[in-house]
Structures are given as structure tokens and as C-alpha cells.
Amino acid sequence: MAGRPRVGVLALQGDVREHAALLAQLGADVQLVRRPDELTGVDGLVIPGGESSVIDKLSRTFGMQEPIRHAISHGLPVLGTCAGLILLADAVLDSIEGQETFGGLDVVVRRNAFGRQVESFETELHVPAFGPPSVSATFIRGPVVETVGADATALAALPDGRVVAVEQGNLLGLSFHPEITGETRFHERFLRRVEARVQRQ
Ligand code: GLN
């Protein structure tokens with residue numbers, strides 16, 4: 001491959017550093033993205049976990065909502081974890097008033113779906129697309145995917161059937177945080193899309 005793929009991490013709020021470190025470890029050239037001009041020239045974007053309503057608000061304040069929507073609709077590979085998944089969803093349940101998303105994933109997600117008792121937990125997830133070993137998934141006030149629309153595909157579900165990982169074209173959304181457990185396969189899957197896009201251009 002010629003050169004390192006240029007990958008942005010949306011750095012308005014959330015666990016930006018963990019994603020940046022993992023992407024760098026996997027060979028990406030990482031660009032923190034806060035302004036529209038920083039989005040120009042990246043070949044993929046990670047939307048981190050954090051607080052989706054805050055990231056939404058800041059993205060509008062910084063004039064990032066439209067550029068990100070435009071990039072998504074033009075096929076930019078995007079990986080969203082937790083709040084990032086919420087921001088990629090076309091519809092959100094239990095959002096705060098006025099909360100918006102970038103959209104692109106044909107799914108309905110529910111914020112804070114695990115309630116107060118089990119706000120955070122770790123579990124082993126079988127991801128058929130990866131095969132063994134299973135994924136150690138950390139959930140931190142995470143969303144679940146309540147409806148997977150016709151254009152999206154479920155990648156992983158909890159034993160009770162609730163969907164926690166989805167993809168659609170170049171978009172990948174996860175309810176949990178692979179970046180904090182050393183799980184690299186989702187980021188690698190995303191980077192392969194980034195590399196494919198670079199090669200096509
Ligand atoms: N509860 C957060 C939200 O609604 C998501 C939590 C996370 O990203 N770890 O945005």
C-alpha cells in the first residue's frame with residue numbers, strides 16, 4: 001500500500017485519545033477533526049464514545065454537521081462507537097429534546113438502553129464475521145439497536161438478541177468500546193474500507 005491511510009477522529013468531546021492511539025498503532029496517520037477544513041483530506045472518520053447530545057451540539061456550533069453529513073453521503077468510511085453509533089443512526093429513542101444526528105445508518109437506536117443498574121458492564125460477544133475468539137465488549141451507558149432497517153446489517157447481538165453492532169456500506173456502528181479493551185478487529189475492518197477507498201481514488 002502506498003503511504004499510510006489518513007484517518008480523522010472527531011475530537012469535539014469523548015474518548016478521542018483511545019481511538020487515536022489504537023489507529024496509530026494500526027498504522028494510520030491520525031488527524032484530530034474539530035473544524036471543517038480538518039475533515040477535508042481524511043479518508044475515514046471515527047466518531048468516539050462520549051455524550052451524543054454534546055457531540056451533536058458542538059458539531060453544529062463548529063459548523064461540522066453539514067460537512068460530516070455530506071461526507072457520509074459521499075461514501076466516507078465511518079466507525080462510530082457508543083455515542084458515535086447514536087450519531088450515525090437515522091433515528092434515536094430517548095434522545096434529549098432537539099437532539100440531532102448525522103445519520104446514514106438505517107437503524108433506530110435507544111440511548112442509555114441498559115438502565116441505571118447495569119450502566120457499565122463487560123461481556124464476551126460472538127461476532128460471526130470475525131469467528132473466534134469472541135470480542136470482549138465494554139458497555140458504558142451504551143445504546144442498543146432496536147430496529148435494523150432494510151439497508152443495514154446486524155454484526156453482533158447479545159445473548160438475549162439485542163443488536164449491538166451494525167454496518168451499512170462504509171458505515172460501522174458499535175454500542176460498546178473496543179478501543180479500551182485492546183480489541184482491534186473492528187478498527188481493522190474499518191481501515192480496510194479506508195484503504196479500499198484510497199485505492200479507488
Ligand atoms: N450515553 C451516552 C449518549 O447517550 C453514550 C455513552 C458512551 O458513549 N459511552 O451519548
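The figures follow:
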quantity	calculated
Within the accessible area of the chain (1.4 Å probe), percent carbon and sulfur	49 percent
Bridge type composition, the chain - antiparallel percent by DSSP, nearest 5	50 percent
Other-chain or far-sequence residues with amide H under 5 Å of VAL144's (modelled H)	ARG110, ALA113
Two-site label geometry, ARG162 and THR147: point separation in nm, points 7 Å out along Cα→Cβ	1.8 nm
Residues with amide H under 5 Å from that of PHE176, placed H, sequence gap 5 or more	CYS82
Gain on full stretching of the segment that runs from ALA154 to THR61 - 0.36 nm per residue minus C-alpha separation	30.2 nm
Sequence-distant residues sharing a close amide H with LEU171 (under 5 Å, placed H)	VAL78
Most fluctuating residue given options ASP151, ASP15, ASP56, as computed from a GNM of the chain linking Cα atoms under 10 Å	ASP151
Share of pairwise Cα separations in region 30-116, more than 17 Å, in percent	44 percent
Derived scalar couplings ³J(HN,Hα) [region 95-107; Karplus, 6.51 cos²θ - 1.76 cosθ + 1.60; whole Hz; x for Gly, Pro]	7, 7, 4, x, 5, 10, 10, 6, x, x, 8, 7, 9
Förster-model FRET efficiency, 35 Å R0, SER134 and ALA196, C-beta, rounded to 0.05	0.85
Binned Cα-Cα distances of the chain, short to long, each 10 Å bin given as a whole percent	9, 40, 39, 11, 1
Accessible area of the chain divided out per residue, in Å², using a probe of 1.4 angstrom	44 Å²
Compactness index (Cα Rg / 2.2 N^0.38 Å), region 1-64	1.11
Per-pair calculated FRET efficiency, R0 = 25 Å: GLU38 and ARG185 via Cβ, rounded to 0.05	0.40
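The values are calculated or read from the model by the stated rules, or taken from the named source; none is laboratory data. Computed from a prediction, not measured in an experiment: that's the story for all the values here. Please note: Cβ atoms are built from the backbone with ideal geometry, for glycine as well, and neighbour counts cover all protein chains shown. Just the protein is used for accessible areas: all its heavy atoms, side chains included, with ligands, DNA and RNA removed. Shrake-Rupley method; radii C 1.70, N 1.55, O 1.52, S 1.80 Å.
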